[in-house]
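Only one structure is covered here, and it is reproduced in the block below.
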Amino acid sequence: MKMIERPRRLRRSESMRRLVREQRIDLDALVQPLFVDATLSGRRPVLSMPGIDRLGLDVVADEAVKLWESGIRSLLLFGIPEHKDAYASANADPEGIVQRATRLIKARLPEMVIFADLCNCEYTDHGHCGILDAVGNVLNDPTVELLVATALSYARCGVDVVAPSDMMDGRVGAIRRALDEAGYPDIAIASYAVKYASAFYGPFRDAADSAPAFGDRRGYQMDPANGVEALREARLDIAEGADLLIVKPGMTYYDIVYRLAERVDVPIAVYSVSGEYAMIKAAAAQGWIDEARIVDEMLIGAQRAGARVIVTYFAGAVARRLRGEG
Ligand code: PBG
């Protein structure tokens, strides 16, 4: 007897396809990154990321409210400070840009989940993620001390989740201990445990003014060729107290998301980075691809791979589209 092709029966109509669909786009799982610029009033477009603006402190809370109203519940803040120096001093400043933006947003939206990217590269004049020695190598331990001070200052302003993205060794444990001792046991740590040295960050360095003035980040970011190393980085960060792990970039690393999601017991976030956004925007502007369908496919793919949380520059646009606001 001929075998019947069974899956086809469940694809007979859109309603049936929806009935058995394994993944649905979930606005609750999306995180919208925002670039807040201390030197700016109003907004200024990021040229390599059409649709994304740097925001001044005068408009950041309005933007957050607009996102909230469209259904976005989480933001990831990046700060561009007024002054940069070799020690990233503006980062731990209680009146720093992320600190002020957080207070402004929380005053209007106490329920908005605020992630703060925790790194020094936007705050150093050389653009590297930490303090350098005489020959330009990043010094691990002094850099971790800076990150701890900054994490505490973010916590004091109402940040819900600090997201160390620097890849220094031992920083998750150091930040956890400091937060606990200072009375912030409920502030979560989302660790960029798995951050590849990727060309997909190109447009971000434009957006956040954080391109290294010399050299690159291969000394402290992971080799795209390696997967097993990701498991080790993840295990270490969980042992040190990470509440959530971030894999970055997104699409070319969904295998890593899958492997982690199968093996670890903290939620996995995937960060669909600036280069992914720019590629889709550029091709869509040419009429070469259907932006909405591509974005949905990318998000669903991430969920299917096991990502619980998705950081994406498309978050606001997806939310508005799903609500029929175009
Ligand atoms: C570091 C940081 C970077 C990104 C997020 N956090 C830049 C880098 O590692 O060079 C990149 C995000 C993106 O490309 O969208 N603070």
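The values are calculated or read from the model by the stated rules, or taken from the named source; none is laboratory data. Nothing here was measured: the structure is a model prediction, and the numbers come from that model. For neighbour counting, all protein chains shown are included, and Cβ atoms are generated from backbone atoms with ideal geometry for every residue, glycine included.
For this structure, a couple of remarks:
- Pair list, Cβ under 6 Å, 6 or more apart: region 12-28 residue in a helix (DSSP H, G or I), other residue at pLDDT below 95: Met16/Leu10; Arg17/Arg11
- Residue within region 46-67 that is exposed (fewer than 15 other Cβ atoms within 10 Å of the Cβ), more than 26 Å from Val247 (Cβ to Cβ) and within 16 Å of the ligand (Cβ to nearest atom) present: yes
- With respect to being more than 16 Å from the ligand (Cβ to nearest atom), farther than 19 Å from Ser165 by Cα and not hydrophobic (A, V, I, L, M, F, W, C), Pro142 falls outside the description.
- Any hit, region 93-105, residues being more than 16 Å from the ligand (Cβ to nearest atom), small (Gly, Ala, Ser) and under 17 Å from Ser41 (Cα atoms): no
- Scope region 151-193; condition of a type in the set (Phe, Trp, Tyr), within 16 Å of the ligand (Cβ to nearest atom) and modelled with pLDDT of 95 or more; matching residues: Tyr154
- Boolean, Ile294 is of a type outside the set (Lys, Arg), modelled with pLDDT of 95 or more and within 16 Å of the ligand (Cβ to nearest atom): no
- Residues of region 60-105 satisfying the condition of being basic (Lys, Arg) and not in a loop (DSSP other than H, G, I, E, B): Lys66, Arg100, Arg103
- Only one entry of Gly202, Gly130 meets the criterion of being within 16 Å of the ligand (Cβ to nearest atom), over 21 Å from Ala234 (Cβ atoms) and in contact with a strand residue (DSSP E or B) (Cβ under 7 Å, 6 or more places away or on another chain), and that entry is Gly130.
- Verdict on Val60 being touching a residue at least 60 places away in the same chain (Cβ under 8 Å), in contact with a strand residue (DSSP E or B) (Cβ under 7 Å, 6 or more places away or on another chain) and of a type in the set (A, V, I, L, M): no
- Residue, surrounded by the fewest Cβ atoms within 10 Å (Cβ to Cβ), within region 253-290, restricted to residues that are closer than 19 Å to Met49 by Cα and hydroxyl-bearing (Ser, Thr, Tyr): Ser274
- Residue in region 250-288 that is farthest from the ligand (Cβ to nearest atom), counting only those that are assigned to a helix (DSSP H, G or I) and aromatic (Phe, Trp, Tyr): Tyr258
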